[in-house]
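Take a look at the structure below.
Nothing in this text is a laboratory measurement; each read-out follows from the coordinates by a stated rule. Remember, it's a predicted structure, so these values are computed and weren't measured experimentally. Every residue, glycine as well, gets a Cβ built from its backbone with ideal geometry; the counts of neighbours run over all protein chains shown.
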Amino acid sequence: AQSVSQHNHHVILSEAASLELGCNYSYGGTVNLFWYVQYPGQHLQLLLKYFSGDPLVKGIKGFEAEFIKSKFSFNLRKPSVQWSDTAEYFCAVAAYSSASKIIFGSGTRLSIRP
Amino acid sequence: NAGVTQTPKFRVLKTGQSMTLLCAQDMNHEYMYWYRQDPGMGLRLIHYSVGEGTTAKGEVPDGYNVSRLKKQNFLLGLESAAPSQTSVYFCASRTAGQGTTNEKLFFGSGTQLSVL
């Protein structure tokens, strides 16, 4: 069965700093990978997703993620964060052979200092 | 389109009481999910369904039952509520298929459940 680890529980940055949030998954086969964001008081929204092809995936709001198969990682990046990026970020994985089952990581809370 | 609608939005139960959470989607999605969200633990999959009349266990199914009698509805039941089931419950749905551009989850707004 697939699983996801997000080791950063809470990240605090100043505006304009660069961001990288870690995500590692465990599964031996082909996977689909996702990053979701949850702004305060709202439900989850999809930031970006990887299915196949170019391992560098660009999403909404200037976010991108890189799939590194050898490291089982799918880290989220943004060159310059804004105060409005304050939210909780979740990585998720779906095993390609069982794509109906989508498992989430524990989340990383991002706080941006103005 | 309403998308994914969850009812109720809030509920307080006493230990041992039962209740059913309703999730309804109007997007004709095949797949539906129930997750619980707890601080520091992210979203954990309780049960899911890949079509009308089918259900499957997720990561934390114990203490919950589900039914998908109609394609648009996915019910989550707590037969005998326990304080450990205090959580925010999210329903989600999506189209079937793998690796399609439509493969994203649509979430409901959540149900905050407290079990005393």
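When A:Gln38, A:Gln6, A:Gln42, A:Gln2 are checked against the criterion of being within 11 Å of chain B (Cβ to nearest Cβ) and in contact with a Cys (Cβ under 7 Å, 6 or more places away or on another chain), a single residue qualifies: A:Gln6.
Screening the candidates B:Ser67, B:Ser93 for the property of being in contact with a Leu (Cβ under 8 Å, 6 or more places away or on another chain) and either closer than 19 Å to A:Ile102 by Cβ or within 14 Å of another protein chain (Cβ to nearest Cβ) (or both) yields one hit, B:Ser93. On inspection, A:Ala94 qualifies as within 9 Å of chain B (Cβ to nearest Cβ), of a type in the set (A, V, I, L, M) and touching a residue at least 24 places away in the same chain (Cβ under 8 Å).
Scanning the stretch B:24-59 for residues that are surrounded by fewer than 16 Cβ atoms within 10 Å (Cβ to Cβ) and in contact with a strand residue (DSSP E or B) (Cβ under 7 Å, 6 or more places away or on another chain), which turns out farthest from B:Thr86 (Cα to Cα)? Taking the candidates together, the pick is B:Met27.
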